[in-house]
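The values are calculated or read from the model by the stated rules, or taken from the named source; none is laboratory data. No experiment lies behind these values; they were computed from the predicted model shown. For neighbour counting, all protein chains shown are included, and Cβ atoms are generated from backbone atoms with ideal geometry for every residue, glycine included.
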């Protein structure tokens, strides 16, 4: 049995006009889910990522994560 590998995924939560959240996972193209609030969105993201990884494993594809990704936020002033 293989030792489990720790995987890191960044998730982006986008607040929708009615208050719910859309979640995307940049490292996993097409991995998108929704939640009624932040906690629910995070729970749904975990589930979506686990299902996505399962599909990758079944098809023998490489699992890419964000463990080597650096993240910065830039604030620009629109003049």
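One line per residue, one yes/no per condition, for (1) surrounded by 10 or more Cβ atoms within 10 Å (Cβ to Cβ); (2) over 16 Å from the mean Cα position of the chain (by Cα); (3) at pLDDT below 95; (4) in a helix (DSSP H, G or I):
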{"site": "29", "(1), (2), (3), (4)": "yes, no, no, no"}
{"site": "33", "(1), (2), (3), (4)": "yes, no, no, no"}
{"site": "42", "(1), (2), (3), (4)": "yes, no, no, yes"}
{"site": "47", "(1), (2), (3), (4)": "yes, no, no, yes"}
{"site": "53", "(1), (2), (3), (4)": "yes, no, no, yes"}
{"site": "56", "(1), (2), (3), (4)": "yes, no, no, yes"}
{"site": "64", "(1), (2), (3), (4)": "yes, no, yes, no"}
{"site": "67", "(1), (2), (3), (4)": "yes, no, yes, no"}
{"site": "79", "(1), (2), (3), (4)": "no, yes, yes, no"}
Quickly run through region 25-79 and pick out the residues that are within 20 Å of residue 15 (Cβ to Cβ) and touching a helix residue (DSSP H, G or I) at 6+ places or on another chain (Cβ under 7 Å).
25, 31, 33, 34, 35
Out of the residues in region 1-24 that are in contact with a helix residue (DSSP H, G or I) (Cβ under 6 Å, 6 or more places away or on another chain) and within 20 Å of residue 70 (Cα to Cα), which is surrounded by the fewest Cβ atoms within 10 Å (Cβ to Cβ)?
13
